[in-house]
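Participant: I have a structure I would like to understand better, so I am pasting it below and will then ask my questions one at a time.
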Ligand SMILES: [Zn+2]
């Protein structure tokens with residue numbers, strides 16, 4: 001090799017190292033630095049929006065995914081705790097020191113296991129995992145970029161399907177809220193399971209013959225990496241405001257119900273700050289525009305933690321959704337599938353009424369309200385014992401529960417059309433005659449109930465889904 005070629009090679013190596021260095025930096029979780037020392041977790045009685053407003057005014061950190069009529073958990077520093085004691089609000093102390101909880105999580109995170117799902121993974125590691133899956137099955141999966149964030153990170157997702165953009169699709173997303181780490185792992189797990197079991201698991205195999213999946217594990221990578229750099233309980237994105245406060249609650253920034261009532265805050269310091277306008281944030285705009293480009297998305301699952309709930313529309317108001325008759329049984333079905341996975345109880349309700357969440361401008365209200373998608377929120381494990389600091393040995397069971405729920409939703413997106421055998425968008429006499437013909441000739445085409453025989457049960461199914469299907 002000539003001297004010139006050698007020095008060129010040295011330059012390339014040096015440049016490559018400097019480019020790769022920031023990528024490898026920060027893959028571990030930063031050790032606790034005392035930031036949360038002396039903070040307590042309190043459960044405050046919040047029978048009306050008034051108590052919630054008092055806690056917002058105090059600047060208390062929200063210690064759950066949503067504020068709730070009835071009671072809401074917060075983490076408060078020494079000063080806020082003193083204010084709370086003088087406020088006359090009713091409360092219990094659940095944890096005396098948040099820092100010790102975070103130290104315990106850090107210790108667990110150091111026990112690096114062999115399996116991807118043994119510990120919580122960085123944004124970089126998750127993107128690598130998606131790329132690995134796409135390389136494993138290029139016929140079935142591809143990585144796509146949804147857009148970029150305020151700090152310039154790419155938001156990536158994985159498309160899984162035997163077709164691409166031709167069949168109805170379910171969009172699954174995780175980590176709108178930065179500190180909800182298990183949602184990152186659970187959504188990645190769903191993608192991995194579907195790709196690796198596409199031809200093995202009969203249910204997945206069947207689904208992939210009828211639909212497609214889009215899975216975006218980390219909607220808010222800026223916030224996620226911020227939580228991994230020591231600010232463990234950060235919730236919002238990383239927008240810097242003119243008053244030097246940071247962050248918009250992405251799940252209060254969507255365009256249906258935005259800013260309505262007490263379901264969000266207009267104060268930049270608040271954990272539920274809704275942003276200056278609907279879709280003011282690139283992270284929510286990314287997905288809004290992605291859904292507009294993919295008009296076959298008919299289901300939307302927004303994965304959060306914790307509380308072990310499945311939530312249907314609406315979140316921002318108490319009136320029932322126009323399609324509650326269809327939405328509620330599917331939501332209940334998801335909760336019961338998730339419960340039967342490991343015996344951990346999950347409950348279904350609407351955010352605004354059944355569960356009493358105060359949440360306006362959330363993703364599923366938008367995708368249902370704007371696009372008619374069958375849209376739900378998952379609140380994964382646990383029920384508050386460890387909350388956001390869910391021990392890593394629960395990543396797998398929590399992910400299996402999420403998968404069971406998601407597949408149930410997927411089934412219910414395709415079932416209404418299984419009897420549309422000629423694919424003309426309507427279940428009618430023509431499909432009936434196909435079933436009758438298939439019954440007479442013992443052909444599999446009429447087996448819409450997937451029980452390996454053609455008979456009266458298939459006709460009953462057809463009559464049950466008679467009419468237009470979507
Ligand atoms: Zn959340």
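The values are calculated or read from the model by the stated rules, or taken from the named source; none is laboratory data. Quantities reported herein were computed from a predicted structural model and do not represent experimental measurements. Positions of Cβ are generated from backbone atoms using ideal geometry, with glycine treated the same way; all protein chains shown enter the neighbour counts.
Participant: Looking at (1) in contact with a strand residue (DSSP E or B) (Cβ under 9 Å, 6 or more places away or on another chain); (2) crowded, with 20+ Cβ neighbours inside 10 Å, find the lone condition where residue 403 falls short.
Facilitator: (1)
Participant: Hey, another quick one. Determine the pairs where a residue that is over 16 Å from residue 156 (Cα atoms) and in contact (Cβ under 8 Å) with a residue 40 or more places away in the chain, located within region 174-188, has a partner that is within 12 Å of the ligand (Cβ to nearest atom) and part of a helix (DSSP H, G or I) with Cβ atoms under 6 Å apart, the partner being 6 or more residues away or on another chain.
Facilitator: Taking only residues 6 or more apart or on different chains, the pairs are 179/388.
Participant: In region 51-99, what residues are touching a residue at least 60 places away in the same chain (Cβ under 8 Å) and either assigned to a helix (DSSP H, G or I) or in the same structural domain as residue 249 (by TED's automatic domain parsing) (or both)?
Facilitator: First, the residues of region 51-99 that are touching a residue at least 60 places away in the same chain (Cβ under 8 Å): 52-53, 56, 59, 61-70, 73, 75, 94, 97-99.
Within region 51-99, 52, 53, 56, 98, 99 meet the criteria.
Participant: Further, regarding this structure: What strands (runs of 3 or more DSSP E) completely inside region 118-206 contain at least 2 residues that are within 16 Å of the ligand (Cβ to nearest atom)? I'd like the intermediate steps shown before the answer.
Facilitator: On the way: elements: 141-148, 154-160, 169-174.
Fully inside region 118-206 and qualifying: 169-174.
Participant: Suppose we filter 18, 87 for residues that are at pLDDT below 95 and over 18 Å from residue 234 (Cβ atoms); which single one remains? Spell out the reasoning first.
Facilitator: Values: 87 fails: at pLDDT below 95.
Just a single option satisfies the conditions, and that option is 18.
Participant: Could you tell me how many of the residues in region 367-385 are buried (at least 19 other Cβ atoms within 10 Å of the Cβ), within 15 Å of the ligand (Cβ to nearest atom) and more than 14 Å from the chain's Cα centre (by Cα)?
Facilitator: 1
Participant: Can you tell me which residues in region 64-103 are within 16 Å of the ligand (Cβ to nearest atom) and surrounded by fewer than 21 Cβ atoms within 10 Å (Cβ to Cβ)?
Facilitator: Restricting attention to region 64-103, the residues satisfying the condition of being within 16 Å of the ligand (Cβ to nearest atom) are 64-68, 72-75.
Result: 68, single match.
Participant: Let me ask another. For region 336-370, name all the residues that are farther than 30 Å from residue 265 by Cβ and out of contact with any strand residue (DSSP E or B) (no Cβ under 9 Å at 6 or more places or on another chain).
Facilitator: First pass over region 336-370, keeping only residues farther than 30 Å from residue 265 by Cβ: 336-345.
337, 340, 341, 342, 343, 344, 345, listed by residue number.
Participant: Need the failing condition index for residue 420 against (1) in contact with a strand residue (DSSP E or B) (Cβ under 8 Å, 6 or more places away or on another chain); (2) surrounded by fewer than 16 Cβ atoms within 10 Å (Cβ to Cβ), just the number.
Facilitator: Only one criterion in (1) in contact with a strand residue (DSSP E or B) (Cβ under 8 Å, 6 or more places away or on another chain); (2) surrounded by fewer than 16 Cβ atoms within 10 Å (Cβ to Cβ) is unmet by residue 420, namely (2).
Participant: Would you point out the residue of region 117-143, among those that are free of Cβ contacts under 8 Å to residues at least 24 places away in the same chain and either over 14 Å from residue 221 (Cβ atoms) or buried (at least 17 other Cβ atoms within 10 Å of the Cβ) (or both), that is nearest to the chain's Cα centre (by Cα)? Even if it seems obvious, please write down each step before you answer.
Facilitator: If we filter region 117-143 for residues that are free of Cβ contacts under 8 Å to residues at least 24 places away in the same chain, which is where we start, we get 128, 131-132, 135, 138-139, 142-143.
Next, from what is left, pick out any that are either over 14 Å from residue 221 (Cβ atoms) or buried (at least 17 other Cβ atoms within 10 Å of the Cβ) (or both): 131-132, 135, 138-139, 142-143.
Working: 131: 20, 132: 21, 135: 24, 138: 25, 139: 26, 142: 20, 143: 18 Å.
Filtering first and then ranking leaves 143.
Participant: Tell me yes or no: at least one residue of region 264-280 is assigned to a strand (DSSP E or B), within 29 Å of residue 386 (Cα to Cα), within 16 Å of the ligand (Cβ to nearest atom) and in the same structural domain as residue 324 (by TED's automatic domain parsing).
Facilitator: So in region 264-280, the residues assigned to a strand (DSSP E or B) come out as 265, 273.
From what's left, within 29 Å of residue 386 (Cα to Cα): 265, 273.
So of that shortlist, the ones also within 16 Å of the ligand (Cβ to nearest atom) come out as 265, 273.
This time we only want the ones that are in the same structural domain as residue 324 (by TED's automatic domain parsing), so: 265, 273.
Yes - at least one qualifying residue is present in region 264-280.
Participant: Within region 281-320, restricting attention to residues that are over 17 Å from the mean Cα position of the chain (by Cα) and within 16 Å of the ligand (Cβ to nearest atom), which residue is nearest to residue 214 (Cα to Cα)?
Facilitator: Ranking the qualifying residues of region 281-320, first place goes to 281.
Participant: How many residues are surrounded by 24 or more Cβ atoms within 10 Å (Cβ to Cβ), closer than 20 Å to residue 128 by Cβ and more than 15 Å from the ligand (Cβ to nearest atom) if we restrict to region 218-258?
Facilitator: 2
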